[in-house]
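Beneath this line is the structure, given in structure tokens, with notes to follow.
The values are calculated or read from the model by the stated rules, or taken from the named source; none is laboratory data. This structure is a prediction, so every number in the text was calculated from the model and none was measured. FYI the Cβ positions are ideal-geometry reconstructions off the backbone, even for glycines, and counts take in every protein chain you see.
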Amino acid sequence: MKFTSAQRWLEELVRLPSINPGGAGKVDPQLHGEKRVTDWLENWAKSKKIQYFRQKVLPDRDNLVMVVGPDDPHAKAQLWEVHQDTVDIAGMTVPPFEARVQDGKLFGRGACDVKGSMASMLAALERLHYERPQKAWKIVLACTVDEEHTFQGVQALRGNERGFIRVNDSHQLKPEFAVVAEPSQLGLITAHKGVIRWYIRVEGSACHSSTPHLGSNAIYGAAKIASRIAGLHSEIQQKSPDAISAGSISLTQISGGSAPNIVPSECTLLLDRRIGFQECTEEAENQLKTILAQIDLGEGLRCELSTPIIRCPALQTQGNEAAENHVSKAVRQILGNCTSTAVAFGTDASTLAEHGIPSVVFGPGNIRQAHTRDEWINLSEVESAAEILFQLGSG
Ligand SMILES: [Zn+2]
């Protein structure tokens, strides 16, 4: 028996905490960071004699890229992309790292988002590596870091030239399409919203609050911006035909002031802009800059927009047909039918699509079970995904 059940890999992966450290208050090295998963993947590739490349992305946070299939440098290639990180475990009602199995479900953090998919990809990759089907594609399996926060793993994967990805320090190749793993209930996600986040820093001048006329209150400036942003949200929504495809803008955090009796010199706002299906990220950025420039903040006050702390474009069906065709064919061959949907949440697929690689999202599990207190996945879906991916890679 050369083909291992995906369940075995899933159990091992869920037992390795890989919480994204970004945005966490206190980082616990026993829980945060992808290193445990990356090391495991490296050993896995080594033990199977699969060619791999460990790509540095952030301190102690590496992508692990494996390549199987024909050695011919001109062989047609497909990219399978899956993230190693998970969200936090606060408030979980099931043991997060025990990988407990009950009634055909596996419970634990990351089971659904997205270690279930990773296990399917590993099982299919292993089988392709050993069975070497005649018309097999070259498969690049990229296990990336930082999807749950700032998407830096997938960004680092992109090669210098449009359409190319890095498969090691000296070699880049151009896959014909990419499958990006996220829970999609074994259907395809062909469109999703994008997201950009920025800080806006309002600066004034401090003074004692008994003589406020001597200073410039940064919170008053921030309040004017907040009110204008609320108006902008309505304008964005009115332009979209429906709520699912609509863009939006929200102020999600605010901080300012240092003491009860000091007029604050600084106030910082965090802006979350969702990019609708019909919108492009550049237009959204320019729109915001124009609006900020038009606001009269008041005397002695100025504001500054940061560079985006997160930038993920929207995924649009158009331009990604090659991926949709190949993957839906493989799904139909195994399951008999295949659905295509559009969703609100962002994935790594749009960053690859923007880079010129036709991309589609596919994986076992339901996004409703992702990030939950009792995260779980149906094991039968994980095994079906492995079969579909094997079919896809077999050509
Ligand atoms: Zn995910």
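Observations on the structure shown:
- Output for the stretch 234-256, where each listed residue is surrounded by fewer than 16 Cβ atoms within 10 Å (Cβ to Cβ) and not β-branched (V, I, T): S234, E235, Q237, Q238, K239, P241, D242, A243, S250, Q253, S255
- Any chance G23 is in contact with a His (Cβ under 8 Å, 6 or more places away or on another chain) and either surrounded by fewer than 15 Cβ atoms within 10 Å (Cβ to Cβ) or among the small types (G, A, S) (or both): yes
- Picking from residues in the stretch 100-152 that are surrounded by fewer than 24 Cβ atoms within 10 Å (Cβ to Cβ) and hydroxyl-bearing (S, T, Y), the one that is nearest to the ligand (Cβ to nearest atom) is T150.
- Verdict on R373 being free of Cβ contacts under 8 Å to residues at least 12 places away in the same chain and surrounded by fewer than 16 Cβ atoms within 10 Å (Cβ to Cβ): no
- Residues in the stretch 71-118 that are in a strand (DSSP E or B) and of a type in the set (D, E, K, R): E81, R100, K105.
- Among the residues of the stretch 167-197, those identified as closer than 28 Å to V343 by Cβ, surrounded by 20 or more Cβ atoms within 10 Å (Cβ to Cβ) and more than 16 Å from the ligand (Cβ to nearest atom) are P175, F177, T190, A191, I196.
- Identification of strands (runs of 3 or more DSSP E) wholly contained in the stretch 274-386 with 2 or more residues that are farther than 16 Å from W80 by Cα and away from the ligand (no atom under 16 Å from the Cβ) yields 302-305, 340-343.
- Candidates S210, S227 - the one that is of a type in the set (S, T, N, Q), modelled with pLDDT of 95 or more and assigned to a loop (DSSP other than H, G, I, E, B): S210
- Pair list, Cβ < 6 Å and 6+ apart or interchain, from the stretch 142-162 residues that are in the same structural domain as F177 (by TED's automatic domain parsing) and farther than 14 Å from D113 by Cα to residues that are surrounded by fewer than 24 Cβ atoms within 10 Å (Cβ to Cβ) and polar (S, T, N, Q): G159/Q172
- Being within 27 Å of A322 (Cβ to Cβ), touching a residue at least 24 places away in the same chain (Cβ under 8 Å) and not basic (K, R) is not true of G204.
- Residues of the stretch 174-203 satisfying the condition of being in a loop (DSSP other than H, G, I, E, B) and of a type outside the set (S, T, N, Q): K174, P175, E176, A181, E182, P183, L186, G187, K193
- The test for being without any contact (Cβ under 8 Å) to a residue 40 or more places away in the chain, over 17 Å from H171 (Cβ atoms) and touching a Ser or Thr at 6+ places or on another chain (Cβ under 8 Å) holds for R36.
- For F53: the one exception among (1) surrounded by fewer than 16 Cβ atoms within 10 Å (Cβ to Cβ); (2) in a strand (DSSP E or B); (3) not polar (S, T, N, Q): (1)
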